Amino acid sequence: MTIDEPLRVIGGRTARLAPGPDGVRLTPDDGPPGELFAGPGWADAHAHVYDGMTEIGVAADEVGLATGVHLLGDAGSAGAATLNGLVKYVVPAAEVRIRAWVNIGSYGLVHMRETADIRDVDVDATLAAIDRHRDIVCGVKVRSSGVIVGAMGLQPLQLGRLVAREAGLPLMVHIGEAPPLIEDVLDLLGDGDVVTHCYHGKTGHPWRADGRPSPALDRALNRGVRLDVGHGAASFAADIARRAIAAGFPPHSISTDVHVRNIRGPVHDLPTTMTKLLACGMPLDDVIAAVTHAPRDVLGAAEPWLDEDGVVRHATVFRLTETAPPHRTYKDARGVILDPRAHIVPVATVRNGTLTAAGPG
Ligand SMILES: [Zn+2]
């Protein structure tokens, strides 16, 4: 495909995309900017793409380049006992790049109470799995909420933290209903760790009514803990997000937690989730940073999108439209309908020197 309109490059300039012998190049343009935007390739730090092994996995390419996403973080679908399969069969078969948060539960999300039994957690086997797949593993995933951990309480998180610290990797922690209490969860996290489902809105969530963080979350943020949206089927409350963003606490990264049970709604895809955060008051440039620099940094894929001579290494081109794409709905995880004034719709991606059309957003 070709794009014959001038683009607004995230960060300010106007430019055109021109295919050439050395790939696709971004060249400055004096004309008025059009409706198209270009910036780094999007990344979704929390998705579930272990298709065929877990009941909830979607096909990676269904939520990949066709939706503007270049890079996915599979968030704990695989544990020590099942990571080899993800690396051997899923990663090389997908066009979209995949990084993995390895679950502290050995079987990952093959069953959905992966850490309810101590026999399903093996610290040394998890460290060995990480060492086998250093090029794919970006961190350790622990789901630290009552329905998952049962009587194990904080132990999965404590053991996950042990593995993460030994391996020198961040933790991604799913928060939700107590027990364990959110204060106890947050107090175990440190610089670079990620709290996913940060705006979940269930009883015991870490936000005050004025949108400011609870004392434990405030302490965690001051230690360098990062907030990740992880929308999911039950983990995004728009009113919590709106108040937190207004109070100056936007997410570091916007992610979908896309899986089989939410891909037909309420999640759909990353651009739908991005549009919801836009509707909750995040400026466009911040939304883009939260799907580019922030998650790429977390996923260990922060390479620049543009060479100095203008050659594009990776990019997502998108349009901001006034009308929603036909199949999109905007409900949060409680069924509250959002009414965005602008809609982020992917148009194309550039990767490996090729400009490819993206599907309808
Ligand atoms: Zn998830």
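The table that follows gives values for the structure above.
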read-out	value
Residue check for Arg161: touching a residue at least 24 places away in the same chain (Cβ under 8 Å), assigned by TED's automatic domain parsing to the domain that holds Gly85 and under 25 Å from Ala238 (Cα atoms)	no
Residue in the stretch 248-266 that is part of a helix (DSSP H, G or I) and more than 16 Å from the ligand (Cβ to nearest atom) present	no
Those residues of the stretch 322-343 which are under 14 Å from Asp269 (Cβ atoms) and of a type in the set (Gly, Ala, Ser), in sequence order	Ala324
Filter pass, Ala45 being within 23 Å of Thr275 (Cα to Cα), surrounded by 24 or more Cβ atoms within 10 Å (Cβ to Cβ) and away from the ligand (no atom under 16 Å from the Cβ)	no
Wholly enclosed strands (runs of 3 or more DSSP E) of the stretch 1-72 bearing at least 3 residues more than 19 Å from Glu308 (Cβ to Cβ)	42-47
Total residues in the stretch 346-361, condition more than 21 Å from the chain's Cα centre (by Cα), in a strand (DSSP E or B) and among the polar types (S, T, N, Q)	2
Condition met for Thr115 (of a type in the set (S, T, N, Q), touching a strand residue (DSSP E or B) at 6+ places or on another chain (Cβ under 7 Å), part of a helix (DSSP H, G or I) and within 25 Å of Asp44 (Cα to Cα))	no
Every residue from the stretch 126-148 that is more than 23 Å from Arg226 (Cα to Cα) and exposed (fewer than 15 other Cβ atoms within 10 Å of the Cβ)	Ala128, Asp131, Arg132, Val147
Tabulated pairs, the stretch 225-247, first over 13 Å from Val336 (Cβ atoms), second aromatic (Phe, Trp, Tyr) and within 15 Å of the ligand (Cβ to nearest atom), C-beta under 8 angstrom, 6+ apart or interchain	Val229/Tyr199; Val229/Phe236; Gly230/Phe236; Ser235/Tyr199; Ala244/Tyr199
Residue, surrounded by the most Cβ atoms within 10 Å (Cβ to Cβ), within the stretch 277-315, restricted to residues that are assigned to a helix (DSSP H, G or I) and of a type outside the set (A, V, I, L, M)	Pro295
Which listed residue, of Asp30, Asp4, Asp44, is touching a strand residue (DSSP E or B) at 6+ places or on another chain (Cβ under 7 Å) and either in contact (Cβ under 8 Å) with a residue 40 or more places away in the chain or over 21 Å from Ala290 (Cβ atoms) (or both)	Asp44
Test: residue in the stretch 57-66 that is among the hydrophobic types (A, V, I, L, M, F, W, C), touching a residue at least 40 places away in the same chain (Cβ under 8 Å) and within 13 Å of the ligand (Cβ to nearest atom)	yes
In the stretch 331-345, the residues that are in contact with a Lys or Arg (Cβ under 6 Å, 6 or more places away or on another chain) and either assigned by TED's automatic domain parsing to the domain that holds Ile263 or in a loop (DSSP other than H, G, I, E, B) (or both)	Leu338
Failed item in (1) within 20 Å of Leu171 (Cα to Cα); (2) touching a Cys at 6+ places or on another chain (Cβ under 7 Å), with Ala216 passing the rest	(2)
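Yes or no, residue by residue, for (1) over 18 Å from the mean Cα position of the chain (by Cα); (2) under 23 Å from Gly232 (Cβ atoms):
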site: Gly64; (1), (2): no, yes
site: Ala94; (1), (2): no, yes
site: Asp124; (1), (2): yes, no
site: Ala128; (1), (2): yes, no
site: Val140; (1), (2): no, yes
site: Ile148; (1), (2): yes, yes
site: Leu157; (1), (2): yes, yes
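The values are calculated or read from the model by the stated rules, or taken from the named source; none is laboratory data. Since this is a predicted model, take the numbers as computed values, not measurements. Neighbour counts run over all protein chains shown; Cβ positions are idealised from the backbone, glycine included.
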